[in-house]
1. If you take the residues of the stretch C:49-74 that are free of Cβ contacts under 8 Å to residues at least 40 places away in the same chain and buried (at least 24 other Cβ atoms within 10 Å of the Cβ), which of them is farthest from the other protein chains (Cβ to nearest Cβ)?
2. Check the stretch A:229-242 and report whether any residue there is closer than 30 Å to B:Val724 by Cβ, within 14 Å of chain B (Cβ to nearest Cβ) and out of contact with any Cys (no Cβ under 9 Å at 6 or more places or on another chain).
3. Return the pair list, or none, for Cβ contacts closer than 6 Å from residues in the stretch B:368-393 that are outside any loop (DSSP other than H, G, I, E, B) to residues that are of a type in the set (Asp, Glu), at least 6 apart or on different chains.
4. Counting only residues that are among the β-branched types (Val, Ile, Thr) and within 7 Å of another protein chain (Cβ to nearest Cβ), which one in the stretch B:686-725 is surrounded by the most Cβ atoms within 10 Å (Cβ to Cβ)?
5. Just to be sure I understand the filter: pairs with C-beta atoms under 6 Å, separated by 6 or more residues or on different chains, first member in the stretch C:103-123 and more than 10 Å from chain B (Cβ to nearest Cβ), second member open to solvent by 10 Å² or more (accessible area, probe 1.4 Å) and part of a helix (DSSP H, G or I). Which pairs pass?
6. For B:Gly261, which of the numbered conditions (1) free of Cβ contacts under 8 Å to residues at least 24 places away in the same chain; (2) buried (at least 23 other Cβ atoms within 10 Å of the Cβ) fails to hold?
7. Going by the structure shown, is B:Leu283 within 30 Å of B:Arg362 (Cα to Cα), touching a residue at least 24 places away in the same chain (Cβ under 8 Å) and either more than 14 Å from chain C (Cβ to nearest Cβ) or in contact with a Ser or Thr (Cβ under 6 Å, 6 or more places away or on another chain) (or both)?
8. Residues in the stretch A:259-274: is at least one more than 14 Å from chain B (Cβ to nearest Cβ), of a type in the set (Lys, Arg) and open to solvent by 20 Å² or more (accessible area, probe 1.4 Å)?
Amino acid sequence: MKAPVFAYAKPASLAEVFDCLDGGEGVRLLAGGQSLIPSLNMRLSAPTVLVDINHVSALRGISEAGGVVRIGAMTRHHELATSALIASLLPLIAKAVPHIAHQAIRNRGTIGGSLALADPSTELPACCLALDATIIAANRKGERRIAARDFFLGIYETALAPDDILIAVEFPLPGEDAICGFDELARRHGDYAIVGLAAQGVRKGQTWSSLKLTFFGAGDRPLLAEAAAQAVVFGKGIGAAQAALEDALSPSDDGECSAKTKMHLARVLLGRVVETMESGT
Amino acid sequence: MSVIDQMKGLTFLDRPNSYIGRSVPRPNAKRLVQGRGTYVDDLRMPRLAHVAFLRSPYAHARIRGLATSAAKAAPGVIMVATGADIAKVCTPWVGVLTHFKGLKSAPQYAVAIERACWAGEAICAVVANSRAEAEDAIALIEADLEPLPVTVDMETALDPGTPIIHAELGDNLAFERTLDVGDVDGAFRDAAAVVENTFSVGRHTGVTLEPRSIIADWNEGEEKLTVYHSFQAPHMMQDIVCKHLGLPEASVRVVCKDVGGSFGIKVHIYPDEMATVALAKILKRPVKFIADRLESFVSDIHARDHRVKAKMAVSAEGEILAIEMDDLTGIGPYSVYPRTSAVEANQVVNLTGGPYKHQNYRARARVVFQNKVPMCQYRAVGHPIAVMVTEGLVDQAAAAIGMDPAEIRRRNVIRDDAHPSIAASGIKFEKLSHQQSLEKLLTMMDYDGLRKEQAELRAKGIYRGIGLAAFIEITNPSAAFYGVGGARISAQDGCTLRLNPQGGVIAAIGVTEQGQGTESVIAQVVATAVGVPMSDVRVVTGDTDATPYGGGTWACRAAGIGGEAAWQSGKALRANILEVAAVILQSTPDALDVREGKIVDKATGVERMTLAELGRVAYFRPDTLPADLKPEFVVTRHYVPKDYPFAFTNGMQASYLEVDTDTGFVKLLKHWCVEDCGTVLNPQLVDEQIRGGIVQGIGAALFEHCRYDSQGQMLNGSMADYLVPMSSEMPDMEVGHVVTPTASSELGAKGAGEAGTAGAPAAVINAINDALRPFNAHVSVQPARPEEILRALGKV
Amino acid sequence: MTPAAETHTISLIVNGERVTRAVAARMHLVDFLREQLDLTGSHLGCEHGVCGACTVQVDGIAVRGCLMLAVQADGATVVTIEGLTDSGVLADVQEAFLQRNALQCGFCTPGMLTTIAELLTVDPDPSRDTIRDAISGNYCRCTGYHAIVDAVQNVVVARRTKEAAE
């Protein structure tokens, strides 16, 4: 189980990355490598050139300015988990990250890699949707800003063009009275979730003013359950919210779990996460 | 009290410097925690070549042609070999044994020639200067394969119209066994209650962390083949290599250094490993094959895959009156060589109902061919299936008559004072301790307290379950297991001891080490028997040139059989030492003893001379000894059990868990096991065998499953998709012992390696069903995934 | 910028020694350590990042050696089980493993120890559950994990006692 032959390049700047991306179809960016390298070892992908972006300093760092938290694409999961800034300003991310695989994977894996891969059963894409994030892509012509809801197009499919590199993701500060909830059901600690839910809302006292519910593992991309969220916000009861998931989610059968069971589990998660958020625990 | 009085009535086990029964650390583990082990892939040798295999993508296909010219021309490639090329030096084999009447299989080649019969069967080999280059070349082979109709589902394998995998065999039935004892129909007719169920145990596989590994090296100058192998039974491998490569025994040496887990996976003859040996012979240089993880999933043997329909008759008083069962198992396209794939089903027939007194039993087992990965013996062969069926029915029977699960077992287990006894299936028990084990378990777990807690929590909507499982385990197999059926697998084992001049002892033994602690136990036994510090004993295993002939380590035979050989050998060496010492010291052997590496006065313990001094005289100044005194400081003794075909052990397990009835998720809270492996040579090693075995059983009960589609493709053949048990989900485990030594040997030790795996799945499944009882829901499928539980609850 | 090539010369510090080697771009870090440096203590169990047997330290953090290319370790400081052993930083954990028989076949042990080394740096007083979560990415087929958790707890207690005494 050894990777096929490929060439390796290590640019030091974005400009050099763009030069590498001119190389054509077989060029792949190597971020944390925690999904790409297994696929190389298993000969499931066969790039001609791997462009290692681990040494591009412009892609690193977590900062806050003007009501926005900006996370560089090459920020590792471990940095998210231990960042005081993230813990205080984006607690949803802080809650989600410990569910991602295991420490040694989180030490290398990056937020940019995770978003660009767009595995529909992973945590961070769902968090981006729940937090109304903006994904920033760049190519030789300049930068583009893509709303998270327009970014994830399908299984492993994003709005990135072949010559794009995802450079950062920006999160608006959730603001006053913001609360969040996160839960997922995985067979084993660190496994991909059968189904998971990232929720971000605003609630003052007993009153919701907004809520975003993003499910993962429940379709070909992270899915916003808008009607269910509305049912919660307008106090129609959790049963109504759960019923509204039927139209919002489209899980598929896999060997471990049927679509029907995934729908059931999504309803259970919805009830639990909303209850936790409402009870303030 | 004098020392002499204290010594009276003591056995060898109580010798002053006895290591037996003590939890001494394993001397050979230190190098492993330092990363200094020597697994096959760690060996370095000149001109080493690497082999990789093209494997059939189809579950059944005719090989019409292989275009290999591009592969042959690829960088680093040394040879591309087809099945026909390999067959020129390695003959095919048929995995049958004569004592399984009617068992049939077809000739199997190291590399398939005409047909591939499972997805993953090797169809071409590439040898190159590196594994990566071999894989590069494999991608260049153009295989012209004609897909053939597949037989996948064992339920329909025997139906007319289902494709017959080997036309020459006439049908897909590899083996069938039936048994009808007592008056089964009468017992069911008169029963107060009859319970029945269909139990299903999914296919799983061993997933040894070190994959199968082999380096074979043919030295043309010496005319000698050396095989470095991650394997459990080196002498068996030696014999089979000789047979199929046409080599004399003296030309083949098999060496098993550190083995990274085995569990029965590494005791079978694998086609790709035989091909590697053949390629070394052809190329006259060392060739290495390390299975990668993806090919492990489709080429390591799989295990289980049983569907059992069973029922039990019970009286109003809770007496088990009869059991009837029908087992169906699918074994892939070949019966695996040389142990065959009929053993597991045979064990299920033997073991079902085994702990209980009933004498009415009807059983049928059918073993069928299918186009899946071959199935064969894996840790606790047949036991988890028989225990799940039996204990599941016992719990159902208890519920049917309103009796507590502990009480129904109390009433039915074979009494501790009723031995020797014979089970309904005909298996013989020398002495078991079900009653003591059950009571000890119930005390250890505070059964009544847990029942109370369960009831209290249930009122709050928290659903916990307690599951019990009685089990018996086959250990210390005699020649009845394989030898009588024609397999050249040693039932006996030997131990050679040598006293060295400085007083150290070298112990060479036929049983092998795969992490269980074999070498530690042998060192403990030898140190105790001879009378030297354990640090002065060095144990040599896993080398057909260096150890006495033996069977290796499987079926829990290392401690019971190897240990006894070491014990007898140690006693003999000690006697020889004392004979020489008595002459030098002008004493008599009876008046002397060897303790802590010194010759002492037996009565007073006063030191007379060191073994180093004895060694100095015997080896370097024999001229000072009387002419007729010939020190024999090398001795060998052998042992094989003869009184009973097997030394059965027994025990009880319990699981306590919580079911999330909304998600179907199971949280394991605690697990207990009381077992009786006879004399406990090293309590810590036994406990850890039990714990490791339990977790393997839990893996089967909740997680592990080789999933297939209708075309015979395994769907989850990676470690991301095949769920092995990991630490977060596993419980703490408490282990207790009852000690009933076997009288077949002086040490009285029986095996302990498979007990955990035998009973854990049943305990877990019973606990799930106990938790689900308020909902009248029931699962009888392994693995019991959340979806199965939700389905039982009617939620999906 | 390091321009695209199928082979690169890398220079790094491995267990305190500077090494310079030419490596194929496709070679992962553990193949490099094992095949080119003969550091056979790091094991390959799955080569797709799941089993944890290949866990090594790169620049002070635990990583999957099969999920990092050797060429990516250019300029890095790599420590394997051999280095952890020689420096003595893990001596008490290794001794606790021996005493508690927290290993059987030993194939997972180097990766397991590397993971535990990192855990004890981050959290010197982990609970049983924390230990179980920390090692949940390291597969052990033999022990059932219980003895490993015990061994780590024993180390924690011993280190605490030693600190209190000092």
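1. As a first pass, look at the stretch C:49-74 and keep what is free of Cβ contacts under 8 Å to residues at least 40 places away in the same chain: C:49, C:58-60, C:63-67.
Checking the rest, the ones that are also buried (at least 24 other Cβ atoms within 10 Å of the Cβ) come to C:49, C:63-67.
Details: C:Gly49: 5, C:Val63: 5, C:Arg64: 5, C:Gly65: 9, C:Cys66: 7, C:Leu67: 5 Å.
Looking at residues that are free of Cβ contacts under 8 Å to residues at least 40 places away in the same chain and buried (at least 24 other Cβ atoms within 10 Å of the Cβ), I get C:Gly65.
2. Initially, the stretch A:229-242 is screened for residues closer than 30 Å to B:Val724 by Cβ, giving none.
No.
3. Note: pairs meeting the criteria are B:Met375/B:Asp305.
4. Kept after step one, since they are among the β-branched types (Val, Ile, Thr), are these residues of the stretch B:686-725: B:686, B:690, B:694-695, B:698, B:724.
Filter again for within 7 Å of another protein chain (Cβ to nearest Cβ), leaving B:694-695, B:724.
Working: B:Ile694: 31, B:Val695: 29, B:Val724: 21.
In this case the residue turns out to be B:Ile694.
5. The qualifying pairs are C:Leu119/C:Ala134.
6. (1)
7. Numbers: within 30 Å of B:Arg362 (Cα to Cα): no; touching a residue at least 24 places away in the same chain (Cβ under 8 Å): yes; either more than 14 Å from chain C (Cβ to nearest Cβ) or in contact with a Ser or Thr (Cβ under 6 Å, 6 or more places away or on another chain) (or both): yes.
Taking the combined requirement at face value, the residue does not satisfy it.
8. no
The values are calculated or read from the model by the stated rules, or taken from the named source; none is laboratory data. Quick caveat: nothing in here was measured; it's all calculated off a predicted structure. Backbone-built Cβ (ideal geometry, glycine too); neighbour counts: all protein chains shown. For the accessible areas, the whole protein counts, side chains as well, though only heavy atoms, and no ligand, DNA or RNA atoms are used. Shrake-Rupley method; radii C 1.70, N 1.55, O 1.52, S 1.80 Å.
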